[in-house]
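What follows draws every value from the coordinates through simple rules; no lab data is involved. Here the structure is a predicted model, which means the values were calculated and not measured. Don't worry about glycine lacking a Cβ; one is built from the backbone with ideal geometry, like all the others, and counts go over all protein chains shown.
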Amino acid sequence: TQLLEQSPQFLSIQEGENLTVYCNSSSVFSSLQWYRQEPGEGPVLLVTVVTGGEVKKLKRLTFQFGDARKDSSLHITAAQPGDTGLYLCAGKDYTGANSKLTFGKGITLSVRP
Amino acid sequence: GAGVSQTPSNKVTEKGKYVELRCDPISGHTALYWYRQSLGQGPEFLIYFQGTGAADDSGLPNDRFFAVRPEGSVSTLKIQRTERGDSAVYLCASSLTSGYPQETQYFGPGTRLLVL
């Protein structure tokens with residue numbers, strides 16, 4: 001069974017601070033995705049990383065895929081209250097034959113004004 | 001354009017009853033997925049359809065759960081003899097294709113099921 005561990009589980013910070021959160025696994029994934037989920041809504045895709053060592057930027061968010069394709073990090077610069085939400089990472093099976101996503105438990109981020 | 005829609009948005013039922021949850025995927029998407037999200041957890045895979053057929057149903061917890069997609073578009077998740085432990089948000093997602101690392105799954109808002 002492939003497992004994704006996300007840390008920290010909860011994070012409360014002040015507006016303007018920087019933060020980094022992590023998604024780790026003992027398994028290799030063909031790709032890893034980060035989602036954000038608001039209360040009462042489904043997850044919304046933020047980014048997909050495919051190549052080991054890949055770095056992608058989305059405005060103030062920087063995503064990195066580990067060289068071994070087993071882990072990822074999300075760094076937010078100058079966090080804003082609008083960044084508040086549940087951040088989920090999800091891996092796709094390395095063989096590519098199975099399209100299901102394996103999700104971590106998520107990181108609940110609260111950014112205080 | 002319209003996203004993935006799910007009905008009902010909320011469902012309250014009694015233990016032992018039968019429920020059906022519906023998912024309307026994005027038009028033209030051939031792949032459809034069902035996930036279940038319990039409180040404080042990430043979504044957990046249930047079943048995946050490619051067209052009309054269930055390509056992977058390994059996540060269905062037991063034989064009380066069944067899903068269909070008869071015309072390759074709308075899907076229905078059916079739960080028989082509901083139990084309190086079935087209470088969760090049931091999420092549906094669709095994608096244009098499947099099997100590619102970069103594939104994007106688009107999620108609906110979910111159906112919140114509460115079994116009393």
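Run the reach check for B:Lys15 against lysines, Cα to Cα strictly under 24 Å, same-chain hits fewer than 8 apart removed. What comes back?
Excluding near neighbours in sequence, the set is B:Lys78.
Using Cβ counts within 10 Å as a stand-in for footprinting exposure, how do A:Thr102, B:Thr52 rank, fewest first?
Ordered by Cβ neighbours within 10 Å, fewest first: B:Thr52, A:Thr102.
Sum up the charges of everything whose Cβ sits under 11 Å from the Cβ of B:Pro109, counting Lys and Arg as +1 and Asp and Glu as -1, but leave B:Pro109 out.
Cβ neighbours under 11 Å give a net charge of -1.
If eta is 1.002 mPa s and T is 20 °C, what Stokes-Einstein diffusion coefficient results for the protein assembly as shown, Kirkwood Rh from Cα pairs, in µm²/s? Display every interim value, and only then the final one.
Working: Rh = 18.1 Å.
For these conditions, the coefficient is 119 µm²/s.
Suppose each label sits 7 Å from its Cα in the direction of the beta carbon; what would the A:Glu41-B:Leu116 distance come out to in nanometres?
Going by the 7 Å Cα→Cβ label model, 3.1 nm.
Compute the length gained on full extension between B:Gln41 and B:Thr97: take 0.36 nm times their separation in residues and subtract their Cα-Cα distance, giving the result in nm to one decimal.
Working: separation 56, 0.36 × 56 = 20.16 nm, distance 2.68 nm.
Using 0.36 nm per residue and subtracting the Cα-Cα distance, I get 17.5 nm.
Of all the C-alpha pairs in the range A:5-112, what % are more than 25 Å from each other?
16 percent
Once you list every other residue whose beta carbon is under 14 Å from the beta carbon of B:Glu71, what net charge do they have if Lys and Arg are +1 and Asp and Glu are -1? It would help to have the intermediate numbers written out before the result.
Working: positive: B:Arg22, B:Arg69; negative: B:Asp24.
Once all neighbours under 14 Å are counted, the net charge is +1.
Sum up the charges of everything whose Cβ sits under 12 Å from the Cβ of B:Cys92, counting Lys and Arg as +1 and Asp and Glu as -1, but leave B:Cys92 out. Don't jump to the answer; show the numbers that get you there.
On the way: positive: B:Arg22, B:Arg36, B:Arg69; negative: B:Asp24.
Net charge around B:Cys92: +2.
Can you tell me the relative contact order of the range A:40-113? Whole percent, Cα pairs under 8 Å, sequence separation 6 or more.
Computed value for the range A:40-113: 21 percent relative contact order.
Using 1/(1 + (r/R0)^6) with R0 = 30 angstrom and r between the beta carbons of A:Ser12 and A:Asp67, what's the FRET efficiency to the nearest 0.05?
For R0 = 30 Å, the calculated efficiency reads 0.45.
Can you put B:Glu71, A:Glu54 in order, fewest other beta carbons within 10 Å first?
B:Glu71, A:Glu54
What relative contact order, as a whole-number percentage, does chain B give when Cα pairs under 8 Å and 6 or more residues apart are counted?
36 percent
Under a point spin-label approximation (7 Å from Cα along Cα-to-Cβ), what is the A:Glu5-A:Ala78 distance to one decimal in nm?
The answer from the label model is 3.5 nm.
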